[in-house]
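In what follows, a single structure is set out as structure tokens and then discussed.
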Amino acid sequence: MTALLPKGSGRGANGLPAEVTGFVGRRHELAEIKRLLTTAHVITLTGVGGVGKSRLALRAAVDMRRAFPGGVWLAELADLENPELVVEAVAKVVGIQDHSARPGVETLVEGLTGRQALIVLDNCEHLLTACAVLADRLVHALPQLRILTTTRQPLGIAGEQTLDVAPLPLPGEGGTPAAEQPSEGDAVRLFEERAAAVLPDFAVTEANRDAVAEICRKLDGLPLAIELAAVRLRALSVDQVLERLDDRFRLLTAGSRAGPHRQRTLRALIDWSYELCDEQERLLWQRTSVFLGGLDLGAAEEVCSGDGISRTDVVDLVSGLVEKSVLIREEQGGSVRYRLLDTIRQYGRERLAASGQETGLRRRHRDHYRSLAERARCERFGPGYLAWISRLDREHANLRTALEWCLDEPGEALAGLEMASDLLYHWITSSRIGEGRHWLDQLLATGPEPTPQRARALWTGAWLAVIQNDLAPAAAMLEEGRRIAERFGLRGDLAYIAHFSGQLALAEDDSETAVKFSAEAVEAQRALGDPEGLVTALIWLSLAYSARGEAKRAVSYAEEAVAVCEAYQEGWHRAYALMALGVELRRQGALRRAADLEKDGLRINRAVRDVFGSGMNMEVLAWIAADEGRFQRSARLLGFLERIWQALGTAMSSFLHLAKYHDECRARTVEALGEPAFRAEARNGAGLTFDEAIVYALQEERPKAEREPAGGPTAPLTRRETEIAELVAQGLSNRDIASSLVISQRTAEGHIEHILNKLGFNSRTQIAAWLSERRRGEDR
């Protein structure tokens, strides 16, 4: 799978930006990196923090992307604190999703085999051993792979080529103007560029040239330090910045002289930035350092208020830190988030530790994200969960940090078990099955005492294990979970344990036992009034009856699952219910209706980017194509699916009992086309991108309402209807939409009805899927 850069700004699925801003000079280093990439397997950029290693690596990767047809990916590791998850993080960026129980590095090697590719591992210093082991394993197994790393010290592996990134060239001393020394003026040019971003009219002139040059010299040409100093021109003149730097460095020389001079200089600048903040801003700086991967305003208010900061003051303090460039403002998915540069975050963490408040802040951080996970679980069956999928993905680094704290802090393992269990669907929809099992296994191992939390964690882990086709551990977890649930009388947990026992039996090709357990789960969930549990049990009861050849019951239970989903406006489960119904109708020969159902499910799975669910829909469509004698189409779909299952690490995962249909379809297609023609068509399918494969599977020519009209990507909707459609896609209720736009709820409902009528849709899920396709159309 070739990773392509997006056409707009921002970052693509490969993590690379479309362009590298703030990049000045570095021509020699850039040329040397490009040369090394043609000869060495591992190139490491070393240098002090703030020297610009990451930006230089990004620029090299963007410039060299055409030389690596197998893909160029950026794995940003600054937010990752657990070395055991390095492989998982890299695999996620590369697009190799861990749905198998094999060691992750084996899946990564298999997925990259034969590719001429480049992986950038950014900020490795705190994970040095794990990155070194991974890089050494990958380059020995994959001779065409290149790895570019940024770190403060070399990895120390055989064949590694290192390049020390020096500070930017400085203007000559003795009053020689920087403009007359173009080879030494990069530091001044960076200061001018960043200052102009703050003050559009700013320019280096004869009047301020010497002061600017002196600032750059005193900051030793460190790009981060220069950028931080330039930002101060919001409030100070160039001469005032220079004067304050002089004061700060005099204080510094009275302190420790043990560290390298550049590090002392950068530390001094951050000290100075810290002291320019008022007392409450300093407190907020310290407290926001407990977050990884950024935070939103709600999180800042919840975690950082109290003990000197009023909740109502947080928004103004956040604005103040944004103005001072301590917090960086970013828009993601229609919401505003804030993040700290890693160096700034580490500084804040040191201050927080010195204050004695770190443990309390980390507990409040954990409590916030534990509550977030619980809310997502409570709202995961209904129209709002599409928004939760994106939100949890954005917060993944914070969720991981909270779980790590639960694991490390005595007495917090049960809270961690609850949180990891609440995140069940997050592990699945974000393709982090292996990581979900990691947290559950680690937390379960902290204490074997039977508790209700342990019972739920056991069946949660069992489902993830079944998805990975790791059936023996799944059976053991279900058995232990059953004993605990019976001891405490946990009827809800017993219902889920019965359901997953049926799923396990079907994976073992025991349809009779699968029917027994699934029917038990259905009746238990009906009695409990749990629509989510009922739907999942109905889907698997339908599949179990289909495996036994009992068509009427298989159809009846699948249709009931679809009906429950529609009653609750639930999209994701509905996609799987439609898939199960399509499997049985295709088995009966109702090919057209089966194909329509699979396409409806595929549109939903496309909207939520569920690769596995999309793969199952396309499997059934491939079988139907062969049934209809359209063997070229079947071969192309099978070719793409081979790549999907290889990336996921297991063919059809928990639906492995359907593999016989895959094998029959492939055999018939090969027989009809001949082996050479089949392989040629399969290669054509394997060459499709994920989005291209879905368009091909759906046979789009898009429906009239989905075609790109002349008025733009979201026409024929009006501007207000487009705005409301975006809020619908984010999962907001009618009441929330009305409140957000300051209109009545009746007016919002009327707009939504008009949108549905214009587009020819009958559900909010279809609006979300349509908008998702429009955005992808803009990027193509």
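The values are calculated or read from the model by the stated rules, or taken from the named source; none is laboratory data. Note that the structure is a prediction, hence the values are computed from the model and not measured. So basically every Cβ, Gly included, is an ideal-geometry build from the backbone, and we count neighbours across all protein chains shown.
Please indicate, with yes or no, whether at least one residue in region 509-517 is surrounded by 24 or more Cβ atoms within 10 Å (Cβ to Cβ), of a type in the set (A, V, I, L, M) and farther than 24 Å from Q453 by Cβ. Yes, there is a match, as at least one residue in region 509-517 is surrounded by 24 or more Cβ atoms within 10 Å (Cβ to Cβ), of a type in the set (A, V, I, L, M) and farther than 24 Å from Q453 by Cβ.
Condition check: outside any loop (DSSP other than H, G, I, E, B), among the acidic types (D, E) and either under 30 Å from P167 (Cα atoms) or touching a residue at least 40 places away in the same chain (Cβ under 8 Å) (or both). Does D79 satisfy that? No, not satisfied.
A651 satisfies every condition listed in (1) crowded, with 17+ Cβ neighbours inside 10 Å; (2) at pLDDT 85 or above; (3) not polar (S, T, N, Q) except (2).
Selection within region 444-502: residues that are closer than 22 Å to K516 by Cα and of a type in the set (S, T, Y). The member of this set that is nearest to the chain's Cα centre (by Cα) is T460.
Restricting attention to region 53-75, does a residue exist that is under 29 Å from A31 (Cα atoms), basic (K, R), buried (at least 22 other Cβ atoms within 10 Å of the Cβ) and in the same structural domain as T151 (by TED's automatic domain parsing)? Yes, region 53-75 contains at least one residue that is under 29 Å from A31 (Cα atoms), basic (K, R), buried (at least 22 other Cβ atoms within 10 Å of the Cβ) and in the same structural domain as T151 (by TED's automatic domain parsing).
Scanning region 170-207 for residues that are modelled with pLDDT under 90 and closer than 30 Å to C131 by Cβ gives a single hit, D186.
Scanning region 451-477 for residues that are modelled with pLDDT under 95 and of a type in the set (V, I, T) yields a count of 2.
Kindly establish whether P448 is surrounded by fewer than 24 Cβ atoms within 10 Å (Cβ to Cβ), at pLDDT 95 or above and either at negative phi or assigned to a helix (DSSP H, G or I) (or both). No; evaluated as a whole, the condition is false for this residue.
Please find, within region 375-421, the residue that is surrounded by the most Cβ atoms within 10 Å (Cβ to Cβ) out of those that are without any contact (Cβ under 8 Å) to a residue 24 or more places away in the chain and either part of a helix (DSSP H, G or I) or in contact with a Gly (Cβ under 7 Å, 6 or more places away or on another chain) (or both). Only one residue fits best here, namely R375.
Scanning region 323-343 for residues that are closer than 20 Å to A78 by Cβ and not acidic (D, E) turns up S325, V326, L327, I328, R329, Q332, R337, Y338, R339, L340, L341, T343.
Of all residues in region 328-338, those that are under 22 Å from A195 (Cα atoms) and modelled with pLDDT of 90 or more total 1.
Hey, can you tell me all the residues within region 294-335 that are part of a loop (DSSP other than H, G, I, E, B), touching a strand residue (DSSP E or B) at 6+ places or on another chain (Cβ under 9 Å) and within 24 Å of E726 (Cβ to Cβ)? Listed by number, the residues that qualify are G294, D296.
Residues of region 546-561 that are in a helix (DSSP H, G or I) and surrounded by fewer than 22 Cβ atoms within 10 Å (Cβ to Cβ): A551, K552, R553, V555, S556, E559, E560. Candidates E418, E449: the one that is among the acidic types (D, E) and farther than 19 Å from L494 by Cβ is E449.
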